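Below: one structure, written as structure tokens.
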Amino acid sequence: MVRKSQSSDRLRPVDLARGHGLSTQAVRNYEEAGILPAAGRTAHGYRTYTPLHARALDAFLALVPGHGHQSAASIMRAVNRDAVDEAYRLIDESHAQLLDDRRTLRAVESALRDLAPTAGAAPALHPAPGVPAAGSGGTFVGPLAAELGIRPATLRKWERAGLVRPRRDPLTGYRVYGETDVRDARLAHQLRRGGYLLEQIARVIDRVRAAGGLEPLEATLHDWHGRVSARGRAMLTGAAELEAYLRERGRGLSTPSGGGGGEETRG
């Protein structure tokens, strides 16, 4: 609960700060950044805030968990300069990103299910006649492409996009695909069949690599689900608080331009 000062419509920086678990400097910083409307000033130059500022701060703090600090700040700045359509566009972008995250999560789960029977080992592939063996756990571009039912040029394109990272045989210069490369190629193939773009697939494979493989990634899917769901719910909370702030602005509440009452600190 924000503690009000002498006027029922006037709040000191310390009142606004205490009511939101912030420092008075943080409140001032948010105002200077345009996240809050400009404060009024008393005849002696003290800042004065109103319940409208408290609503703005409620909205910003509620937007941050779902949209991130930078996007939440941009949304509030747009609202405060009456560019509401710009704020809606920024909100739409966050929702689109969340939807993309959900689709990526589903794609990973689907790909893992498809790979489950064969993910444990590299395929028993053999080089073409006259091509030296790639060594234990490795294969060349032609046999791998044939096993996946794609052209060798497709594998080279995936390499340029960072989806696979074959090493080069020091004697022949041929690309050699190790076990993890075969895994990544299979995963890329499954996702391409699902209609995913190379840049989307790259993000998935980055997650696989960061997790240390498919098995560790499976163990993180539950947490990933939780984070996506939490962000979606946070967006709902942020939307409710932003709507409340927009209603207050629509009622024509304004900041006082001065007069009366001192405060604990000048600023």
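The values are calculated or read from the model by the stated rules, or taken from the named source; none is laboratory data. Keep in mind it's a predicted model, so treat the numbers as computed, not measured. Please note: Cβ atoms are built from the backbone with ideal geometry, for glycine as well, and neighbour counts cover all protein chains shown. Surface areas here come from the heavy atoms of the whole protein model, side chains and all, with no ligands, DNA or RNA. Shrake-Rupley method; radii C 1.70, N 1.55, O 1.52, S 1.80 Å.
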**Message:** Condition first: aliphatic (A, V, I, L, M) and in a helix (DSSP H, G or I). Now tell me which residues in the stretch 78-109 satisfy that.
**Reply:** ALA78, VAL79, VAL84, ALA87, LEU90, ILE91, ALA96, LEU98, LEU99, LEU105, ALA107, VAL108
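Applying the selection to the stretch 66-92, what residues are within 14 Å of ALA239 (Cβ to Cβ) and open to solvent by 90 Å² or more (accessible area, probe 1.4 Å)?
Taking the stretch 66-92 first, the residues within 14 Å of ALA239 (Cβ to Cβ) are 66-67, 71-72, 75-76, 79, 84, 87-88, 90-92.
Listed by number, the residues that qualify are TYR88, ASP92.
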**Request:** Looking only at the stretch 6-31, count how many residues are open to solvent by 10 Å² or more (accessible area, probe 1.4 Å) and within 26 Å of the chain's Cα centre (by Cα).
**Result:** 7
**Item:** Lone unmet requirement of (1) open to solvent by 90 Å² or more (accessible area, probe 1.4 Å); (2) modelled with pLDDT of 90 or more; (3) not small (Gly, Ala, Ser) for PRO170
**Value:** (2)
**Asked** From the list ALA210, ALA230, ALA244, ALA240, which one is at pLDDT 75 or above and open to solvent by less than 40 Å² (accessible area, probe 1.4 Å)?
**Response** ALA244
**Message:** Only one of ALA54, ALA43 is open to solvent by 10 Å² or more (accessible area, probe 1.4 Å), assigned to a loop (DSSP other than H, G, I, E, B) and among the aliphatic types (A, V, I, L, M). Can you tell me which?
**Reply:** ALA43
**Check on LEU115, at pLDDT below 95 and open to solvent by 40 Å² or more (accessible area, probe 1.4 Å)** = no
